[in-house]
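Please read the structure below before turning to the comments.
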Amino acid sequence: MYTEGMADLNEMILVLPLCPPDQKEAKIAQIKEKVTDRYLPVFEKVLKSHGQDYLVGNRLSRADIHLVELLYYVEELDPSLMANFPLLKALKTRISNLPPVKKFLQPGSQRKPPISEEDLEKARKIFRIK
């Protein structure tokens, strides 16, 4: 259930670069609203309600990893969106400091940089987005 909610938000953020330029600001505003009013409050509430360090069973799970990846995307969109979610910030820090994750996040790692404008134009042509 948690990962399905994350997938919905993740999709909104990932397709943002393909959004037509004249619609981009409205799409960003919509995403920000959903992040702060719908998605992050739910995950913050889950962590608060059971008083544990992770989403499920008080141990690291796939859901935690997916959530932290999503939190990185949210921060790249607007770092202030995380301001009112201390338990999510703590989860992100905790997981980001796990040795394999920390290594992955280092500069030069496998984590992909944002898509270039040139690649965006190619994608728009392929998908016929104006």
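The values are calculated or read from the model by the stated rules, or taken from the named source; none is laboratory data. This structure is a prediction, so every number in the text was calculated from the model and none was measured. We work out accessible area using only protein heavy atoms, side chains counted, and drop any ligands, DNA or RNA first. Shrake-Rupley method; radii C 1.70, N 1.55, O 1.52, S 1.80 Å.
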field: Out-of-range pairs (alpha-carbon distance over 27 Å; input LYS32/LYS89; LYS27/LYS89; LYS24/LYS48)
entry: LYS24/LYS48
message: Bin width 10 Å, origin at 0, all Cα-Cα pairs of region 1-95: what percent of pairs per bin?
response: 16, 52, 25, 7, 1
statement: With every protein chain in place, the accessible area of LYS102 for a 1.4 Å probe, in Å² rounded to the nearest 10, comes to 100 Å²
